[in-house]
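Scroll down for the structure; my scribbles are underneath it.
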Amino acid sequence: MMKRFYAETGRCLVVGIVFLMLLSLAGHARAAENKGGMTVEKKCPKCVQVSEDGKFFAQYRTNYKGAPIVWPICSADGLLMTRAYPMIEDEDVDGQKDAELLNIMRNAKAGSVAEAHDHPHHRSLWFTHGNVNGCDFWALDKQADIVHDEFSKLEAKGNTAIVQTKNRWVDTKNNITFCKDLRTFVFGTLKVDGRKVRYIDLYITVTACQDEVCFNDTKEGTFGLRVPGTMDANMMKRNKRVGIKSELWGGHIINSKGDKDDDAWSKKANWVDYYGPVPARCDQAGLDAFAKAGSPEALKLATGGITIMQHPTSYQYPTWWHVRTYGLFTANPFGQKDFEKDNKAADGTLRLKKGESFSCGYRVLFHDGTLTPKVIDGLYKDFAAAKCPVKK
């Protein structure tokens, strides 16, 4: 009996030691996977988080009021690079369990005092359109939703991470799926003049599911984002209206052809850069000091910018740019009537038969500090020359 007891005990000890060794090795494997590169973590069925070197990069959310979005998005220096409204209003800010995400949400809430709370359908970074077979996927239309079906790929390798999803564009009132899309987001970094610049690529293919699917001509589209409020090119005008004296707020727009600010709207270009002041990322002491000051003018600022490039294999290359001095920043391949008002024959409508597709590819650079047009031109040439998994 005693021999049997010792034998069983010995086997249990061996099994336990082996288990602990495997657990230890697994821990080392996870650490190695996370060291010096990108990681992708499924936070919940509706949210995927991308991190770089263990630091927050972005979250892909499958549904925010009818559309998939990416928010929050941080630059390499931790700056919040898109407007927090309206998403921040639906967040339980102080309920965040992760310390870094808690800090990000508190910074977003603080920065939102400098934001215009308009156009609630401008949801950080998104791809939608304002008129597909008469349904408005751009606005907060309860009749039109882009429905997430599945994550078809979640992959992190070295300095890039991939989030690939399948979605349906649905007339929810009549339960009709107009089209489906496969969208692939690539998260990565570049070294530019000795600085690290984060980027998000979007490659999307949209396929018709009905006998005729029309992406109709409207300026309300299609791929883009809303910049932080302090970066709005007309913030100085808005400040005067609301009695803010700060002359530090307000950014600028420039495109690949040299058009600036208002003149960049409706123009075709390879790329557009929107740059200016961004709320600086603060620790809790800095956030407390800002709250105590009780004035938006006490907001600490850094400098940053956002560049969107269109890949040459995209539909309607080069695209028109629906980029506004109040902060909207989108590429729209369908809005010809609005963008070419003097062209009486203008019609940007795309008509697809069942099974037909169109594809687009974009790169969004989130840069700390500013980039010169010459540098951006070089980065665009590199992007344009790279293999792009889209069909024209």
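Taking the condition open to solvent by 40 Å² or more (accessible area, probe 1.4 Å), at pLDDT 95 or above and in contact with a helix residue (DSSP H, G or I) (Cβ under 9 Å, 6 or more places away or on another chain), does Lys267 pass?
So Lys267 passes the test.
Report every pair of residues separated by at least 6 positions or lying on different chains whose Cβ atoms are under 9 Å apart, first residue within the range 168-185 and polar (S, T, N, Q), second at pLDDT 95 or above and in a loop (DSSP other than H, G, I, E, B).
Thr172/Gly66; Thr177/Cys209; Thr177/Gln210
Quick one: would you say Phe329 is among the aromatic types (Phe, Trp, Tyr), under 24 Å from Asp368 (Cα atoms), open to solvent by 10 Å² or more (accessible area, probe 1.4 Å) and touching a residue at least 60 places away in the same chain (Cβ under 8 Å)? Show your work before the answer.
Working: among the aromatic types (Phe, Trp, Tyr): yes; under 24 Å from Asp368 (Cα atoms): yes; open to solvent by 10 Å² or more (accessible area, probe 1.4 Å): no; touching a residue at least 60 places away in the same chain (Cβ under 8 Å): yes.
Answer is no for this residue.
For Ser112, only one of the following conditions fails: (1) under 18 Å from the mean Cα position of the chain (by Cα); (2) at pLDDT 95 or above; (3) of a type outside the set (D, E, K, R). What is its number?
So the condition that Ser112 fails would be (2).
Restricting to the range 229-249, name every residue that is modelled with pLDDT of 90 or more, part of a loop (DSSP other than H, G, I, E, B) and either acidic (Asp, Glu) or open to solvent by less than 20 Å² (accessible area, probe 1.4 Å) (or both).
Asp232
Please verify whether Lys196 is charged (D, E, K, R), within 25 Å of Thr307 (Cβ to Cβ) and either assigned to a strand (DSSP E or B) or modelled with pLDDT under 95 (or both), treating the condition exactly as stated.
The answer is yes for Lys196.
If a residue has to be more than 30 Å from Met81 (Cα to Cα), open to solvent by less than 40 Å² (accessible area, probe 1.4 Å) and not polar (S, T, N, Q) to count, how many in the range 349-366 make the cut?
So the first thing to find is which residues in the range 349-366 are more than 30 Å from Met81 (Cα to Cα), and the list is 349-357.
Next, from what is left, pick out any that are open to solvent by less than 40 Å² (accessible area, probe 1.4 Å): 349-350, 352.
From what's left, not polar (S, T, N, Q): 350, 352.
Qualifying residue count, the range 349-366: 2.
Anything in the range 260-290 that is in a strand (DSSP E or B), within 20 Å of Arg83 (Cα to Cα) and either touching a Pro at 6+ places or on another chain (Cβ under 7 Å) or among the charged types (D, E, K, R) (or both)? List them, or say none.
Listed by number, the residues that qualify are Asp273, Val278, Pro279.
Of everything in the range 64-116 that's among the polar types (S, T, N, Q) and touching a helix residue (DSSP H, G or I) at 6+ places or on another chain (Cβ under 6 Å), which residue is least open to solvent (accessible area, probe 1.4 Å)?
Ser112
The values are calculated or read from the model by the stated rules, or taken from the named source; none is laboratory data. Being a predicted model, the structure only gives us computed values, none of them experimental. Methodologically, a virtual Cβ is constructed for each residue, glycine included, from the backbone with ideal geometry; neighbour enumeration extends over all protein chains shown. Just so you know, the surface numbers come from the protein's heavy atoms only, side chains and all, with ligands and any DNA or RNA stripped out. Shrake-Rupley method; radii C 1.70, N 1.55, O 1.52, S 1.80 Å.
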